[in-house]
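Please read the structure below before turning to the comments.
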Amino acid sequence: MPEGRYVFTKCIPDGPIDIANITPGDVVNRAWSFRVNGEFNLESALDNGAFDSRHIARGYDGLLLHGPREMAQVNTWQAQYNPTVTDYQAAGFRQTWGIPMSFTLTLTFTETVFNDALLNILSASIPRSPFEQLALPDPEFTFTGKIRQRVS
């Protein structure tokens, strides 16, 4: 079955992270948001026309890694490209142009099968004193997500 595969590197936690979000009778879910500081690669495109939404299902089968270790299996995920554009109006011109200045890539997902080692890595990066602040490494993760072709 053809699939599209996305790989995001050097992902760092960004924004609030749910440590626990428990509802009786439901599967445990935690919402996460990451800023992508590394590369984004589309490793393989769908055979029936890349990104043809008539032929693909929603994203699933995501995997969050810390080095070679699996940290979370992700069912629902979203990747967003967020450009920053500045207005520029040249002297004597009435039209204002948009000048691209920067961009961010943001990953947002909900994990359903998680490894609590992920929380241990995050809690270990929180300084317990001002002296620890510079010595602690920031955690970085790699996220791989797949989009599979819809079976007719």
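The values are calculated or read from the model by the stated rules, or taken from the named source; none is laboratory data. Owing to the predicted nature of the structure, the values given are computational and were not obtained by experimental measurement. Note: ideal-geometry Cβ built from the backbone for every residue, glycine included; neighbour counts use all protein chains shown.
Screening the stretch 24-49 for residues that are touching a Gly at 6+ places or on another chain (Cβ under 7 Å) and part of a loop (DSSP other than H, G, I, E, B) and picking the one that is modelled with the highest pLDDT gives Ala45.
When we screen Arg58, Arg148 for residues that are at pLDDT below 75 and part of a strand (DSSP E or B), the only hit is Arg148.
Sort out which residues of the stretch 115-140 are hydrophobic (A, V, I, L, M, F, W, C) and modelled with pLDDT of 75 or more, and write them in order of number.
If the condition is that a residue be hydrophobic (A, V, I, L, M, F, W, C) and modelled with pLDDT of 75 or more, then Ala117, Leu118, Leu119, Ile121, Leu122, Ala124, Ile126 are the ones that fit.
For the stretch 79-103, taking the residues that are among the aliphatic types (A, V, I, L, M) and part of a strand (DSSP E or B), the one that is modelled with the lowest pLDDT is identified as Ala79.
Of the residues Thr112, Thr76, Thr108, the single one that is modelled with pLDDT of 85 or more, part of a strand (DSSP E or B) and of a type in the set (Ser, Thr, Tyr) is Thr108.
Once the stretch 59-107 is narrowed to residues that are of a type in the set (D, E, K, R) and over 16 Å from the mean Cα position of the chain (by Cα), the residue that is surrounded by the most Cβ atoms within 10 Å (Cβ to Cβ) is Arg69.
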